[in-house]
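Peer 1: One structure, pasted below without further comment.
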Amino acid sequence: MNIKVFLISFVSVYVLISLPAILGVGYVIDWVPEATLFQKFKGYVIDGVTDNFLIKIIISCIVGIVVSVAISMRQQSK
């Protein structure tokens, strides 16, 4: 199992799963006119990445392991 491939696939899948929460509309901060840029950043990005993190980590680990093993097996067969 290649650690580099695992980490790249883990991070990419985690970010891909987090995108709907990051790009979501209707977050409470939308309705506050005095919200600063940092508060909006925290509201969208930080909360989007940390919401349901356990499920995202499990899915990302499974996909990372599958991709890493598949690439390792493909390289060994050559």
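Peer 1: Hey, could you check the range 25-38 for residues that are part of a helix (DSSP H, G or I) and open to solvent by less than 90 Å² (accessible area, probe 1.4 Å) and say which is modelled with the lowest pLDDT? Even if it seems obvious, please write down each step before you answer.
Peer 2: Here is the first cut: in the range 25-38, the ones part of a helix (DSSP H, G or I) are 28-31, 37-38.
Subset that is open to solvent by less than 90 Å² (accessible area, probe 1.4 Å): 29-30.
On the way: 29: 66, 30: 63.
Result: 30.
Peer 1: Identify all residues within the range 42-78 that are of a type in the set (Phe, Trp, Tyr) and open to solvent by 70 Å² or more (accessible area, probe 1.4 Å); write none if there are none. Break it down stepwise before answering.
Peer 2: Quick first cut of the range 42-78, residues of a type in the set (Phe, Trp, Tyr) only: 44, 53.
Across the range 42-78, the qualifying residue is only 53.
Peer 1: Touching a residue at least 24 places away in the same chain (Cβ under 8 Å), assigned to a loop (DSSP other than H, G, I, E, B) and surrounded by fewer than 13 Cβ atoms within 10 Å (Cβ to Cβ) - does that describe any residue in the range 1-17?
Peer 2: Yes - at least one qualifying residue is present in the range 1-17.
Peer 1: Do any residues in the range 59-78 that are in a helix (DSSP H, G or I) have Cβ atoms under 7 Å from those of residues that are open to solvent by 90 Å² or more (accessible area, probe 1.4 Å), where the two are at least six apart or on different chains, and which pairs are they?
Peer 2: 68/1; 69/1; 72/1
Peer 1: Picking from 22, 17, 62, which residue would you name as being under 18 Å from residue 2 (Cα atoms) and either modelled with pLDDT of 85 or more or in contact with a Gly (Cβ under 7 Å, 6 or more places away or on another chain) (or both)?
Peer 2: Numbers: 22 fails: under 18 Å from residue 2 (Cα atoms); 17 fails: under 18 Å from residue 2 (Cα atoms).
The match here is 62.
The values are calculated or read from the model by the stated rules, or taken from the named source; none is laboratory data. These numbers were taken from a predicted model, which means no experiment stands behind them. Quick reminder, even Gly has a Cβ in these numbers, built from the backbone with ideal geometry, and neighbours come from all protein chains shown. To get the accessible areas, we keep the full protein, side chains included, count just its heavy atoms, and leave off ligands, DNA and RNA. Shrake-Rupley method; radii C 1.70, N 1.55, O 1.52, S 1.80 Å.
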